Amino acid sequence: MRAIVERLPMRDPADMSALKAAFAAGRLDPSNIVAILGKTEGNGCGNDFTRGYATLAMKLALAEAMRMTPAEVGSRIALVMSGGTEGGLSPHMIVFAVAEDAGPKPTGKRLAIGTGFTRDFSASEIGRAAQIQETASAVRAAMAQAGSTDPRDVHYVQVKCPLLTAERADGQDVVCVDTYESMGFSRGASALGVAVALGELDAAQATDSVVCADWSLHSGVASTSAGIELMRNEIMVLGNSSAWTGDLAIAHRVMKDGIDSLALWATLE
């Protein structure tokens, strides 16, 4: 297998012109796409509807290219949209595809990609142990798909997770009643699920009470983003595997803060 990664610009959340051009030029085969990670102009908060707008636009474009329904596209491709490009980043999407490759195996390990999905969560499960456990199971499945069975080979796990709204929480025992606060709990539980899957955290420690409370518990490879446009976790695992070919590989370091340039230099080394 060979991993393919394409970064494409977006003029607005619904702009799929670069994606369609990549299809037309033969640079991307839509049937090979397994995940898309996108950054939109939205504020990244609970009321950021650009994420859902971009997700819908992608489903429609992919459905047309793959001759599927948008629902079928959503069941097989992880669509992770994140807001927050105001002034710091340009809106874009990163497309991840997997293709068969019968060529010679390279020396060393190459980039491997796996995706996974949890079931839909009830409002009472968001931010709690159930979300941790389901995320851990989905991450393990994505690792197996990628062939990165050694947790040390996993360098990046991206999770898109749900948040709570007043409508969703109505009449249920929920972790909190504030929509913005619920984003933190959902992201926290999702990150701890990654930590459990990779052995960074013992499963027995992953209880309701530790989420967003015990800051000694964390994952060094998890990136989590909460949104209103889904009720399940959609997961992308990037690692290295000797079973994959191509010229891409991945490495990482944990940043101590938002301007920790030393982490970048350490990664390059």
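Is at least one residue of the range 138-154 modelled with pLDDT of 95 or more and closer than 16 Å to residue 227 by Cβ?
No; the residues of the range 138-154 include none that is modelled with pLDDT of 95 or more and closer than 16 Å to residue 227 by Cβ.
Condition (residue is in contact with a Cys (Cβ under 9 Å, 6 or more places away or on another chain), modelled with pLDDT of 95 or more and closer than 30 Å to residue 96 by Cα) applied to the range 194-217: is it met by at least one residue?
No, the conditions are met nowhere in the range 194-217.
Out of the residues in the range 39-97 meeting the condition of being of a type in the set (Asp, Glu) and farther than 23 Å from residue 114 by Cβ, tell me which one is least open to solvent (accessible area, probe 1.4 Å).
48
Name every residue in the range 213-232 that is over 18 Å from residue 165 (Cβ atoms) and either crowded, with 17+ Cβ neighbours inside 10 Å or among the polar types (S, T, N, Q) (or both), in order of residue number.
216, 217, 219, 221, 222, 223, 224, listed by residue number.
Being open to solvent by 30 Å² or more (accessible area, probe 1.4 Å), among the hydrophobic types (A, V, I, L, M, F, W, C) and touching a residue at least 12 places away in the same chain (Cβ under 8 Å) is the filter here, so list the residues in the range 233-265 that pass it.
243, 248, 249, 250, 251, 254
The values are calculated or read from the model by the stated rules, or taken from the named source; none is laboratory data. Quantities reported herein were computed from a predicted structural model and do not represent experimental measurements. Every residue, glycine as well, gets a Cβ built from its backbone with ideal geometry; the counts of neighbours run over all protein chains shown. Ligands, DNA and RNA are stripped out before the accessible areas are found, and what is left, the full protein with its side chains, is counted by its heavy atoms. Shrake-Rupley method; radii C 1.70, N 1.55, O 1.52, S 1.80 Å.
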